[in-house]
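To start, the structure itself, in structure tokens.
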Amino acid sequence: MATRRVEIGPVGRTVAANVTRYRKRQGFTMRDLAEDLAQRRWPISASAISQIENGARRVDVDDLFALAIALDIPRTYC
């Protein structure tokens, strides 16, 4: 079964870039971030984080909020 390409708009590209930027600023690998999220009971796999950062996966509001908490991003930016 073929998968269709996910279209990511300008806001999605900004989110992807910011997840990468803040993850690196915290000194997290993708696996570190995935483990931190799992401990907070918001499981997002390292593979899913990679897809988010590469624009291959959309981020829903729940995931965005979880990422903001784990990456210590003020929620006013969400």
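All of the numbers you see were taken from the coordinates with simple rules; none came from a lab. Owing to the predicted nature of the structure, the values given are computational and were not obtained by experimental measurement. Please note: Cβ atoms are built from the backbone with ideal geometry, for glycine as well, and neighbour counts cover all protein chains shown.
Rounded to the nearest 10 degrees, what's the angle between the helix 30-39 long axis and the longest principal axis of the chain, both from Cα atoms, 0 to 90?
On a 0 to 90 degree scale, this one is about 70.
Could you work out [θ]222 nm for the chain from helices alone, using -39500 (n - 2.57) per DSSP H run of at least four and dividing by all its residues? Round to the nearest 500 deg cm²/dmol. Intermediate results must be reported in sequence, preceding the final value.
Working: 4 runs with 44 residues, N = 78.
Counting only the DSSP helices, I get -17000 deg cm²/dmol.
Which one of PHE28, ILE52, ALA68 is farthest out on the positive end of the charge dipole of the chain, using unit charges on Cβ (Lys, Arg +1; Asp, Glu -1) and the Cα centre as origin?
ILE52
Taking the chain as the reference, fit the longest principal axis to its C-alpha atoms, fit the long axis of helix 10-25 to the helix C-alpha atoms, and give the angle between the two in degrees, 0 to 90, nearest 10.
Orientation of helix 10-25: about 40 degrees from the principal axis.
Relative contact order for the chain: what is it in percent, counting Cα pairs under 8 Å that are at least 6 residues apart?
Working: 63 pairs, mean separation 26.4, N = 78.
Dividing the mean separation by the residue count of the chain yields 34 percent.
Scan (i) 16.1, 47; (ii) 11.6, 34; (iii) 12.1, 40 for the value of Rg and Dmax of the Cα atoms in Å calculated from this model and give just the label.
(iii)
Roughly how tilted is helix 61-70, in degrees to the nearest 10 and between 0 and 90, from the longest Cα axis of the chain?
Tilt of helix 61-70: around 40 degrees.
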